[in-house]
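Visitor: Before I ask anything, here is the structure I am working with.
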Amino acid sequence: TVSIINSKAIYNEVSEKTHQTGTIHFNRMSAVILKIKNHDLSDSDSLQIHASAFAMDTTFVQMRLKESYSDSLATFPIIINTKPFDLKVLNSFLVPIMNVKVKSGFVDLLQMRAIAREYISLGEIKFF
């Protein structure tokens, strides 16, 4: 088990269309990474990550991820939930990446559920 306490992570994405970089900062991040292995793997062994952080130092985000070591397609379900937040906080990412700016909006709850694989991902995001 690996524990991460009060850390920072920065996600950058460069747009192929605008050639600009959008950035999301994750502060006050805590995470627990469970079942880390590289030998004696069985079909029931799966890496698990439980993490929480404040995106852009304002939006509380929780994430859970699980990936089987034996899955040749590297499939992993991921669940993300947030607390209420002002959508304008996303502008520092959206403007450079998509040339979209949120003028106003508030989210009571964001829920994302997805299943990612090596060649395809499926999921949904719900805003409340």
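The values are calculated or read from the model by the stated rules, or taken from the named source; none is laboratory data. Quick caveat: nothing in here was measured; it's all calculated off a predicted structure. Ideal geometry is used to build each Cβ from the backbone, glycine not excepted, and the neighbour counts take in all protein chains shown. In case anyone asks, the SASA skips ligands and DNA or RNA and just uses the protein heavy atoms, side chains included. Shrake-Rupley method; radii C 1.70, N 1.55, O 1.52, S 1.80 Å.
Visitor: Any chance you could count the Lys pairs in the chain whose alpha carbons are under 25 Å apart, treating pairs 8 or more apart or on different chains as valid?
Guide: Total qualifying Lys-Lys pairs in the chain comes to 20.
Visitor: Note down the relative contact order for the chain as a percent, whole number, built from C-alpha pairs under 8 angstrom at least six residues apart.
Guide: Here the relative contact order equals 20 percent.
Visitor: Are there GluC sites (Glu not before Pro) in region 3-74 that DSSP marks as loop and that have at most 12 other Cβ atoms within 10 Å, and which are they?
Guide: When the GluC sites (Glu not before Pro) of region 3-74 are filtered for loop state and at most 12 Cβ neighbours within 10 Å, E16 remain.
Visitor: Further, regarding this structure: Within the chain, what whole-number % of the accessible surface is contributed by carbon and sulfur, with the 1.4 Å probe and all protein chains included in the calculation?
Guide: So the carbon and sulfur contribution to the accessible surface is 56 percent.
Visitor: What is the Å³ per residue value for the convex hull set by the Cα atoms of the chain?
Guide: Taking the convex hull of the Cα positions in the chain, it is 122 Å³ per residue.
Visitor: Give me the 1.4 Å probe accessible area per residue for the chain, excluding ligands and nucleic acids, in Å².
Guide: That works out to 69 Å² for each residue.
Visitor: Using 0.36 nm times the number of residues separating V2 and K126, minus their current alpha carbon distance, what extension gain do you get?
Guide: Once the chain is fully extended between V2 and K126, it gains 41.6 nm.
Visitor: Then there's this: In nm, to one decimal, how far is the K83 label point from the K101 one, both placed 7 Å along Cα→Cβ?
Guide: Spacing of the two 7 Å Cα→Cβ label points: 2.9 nm.
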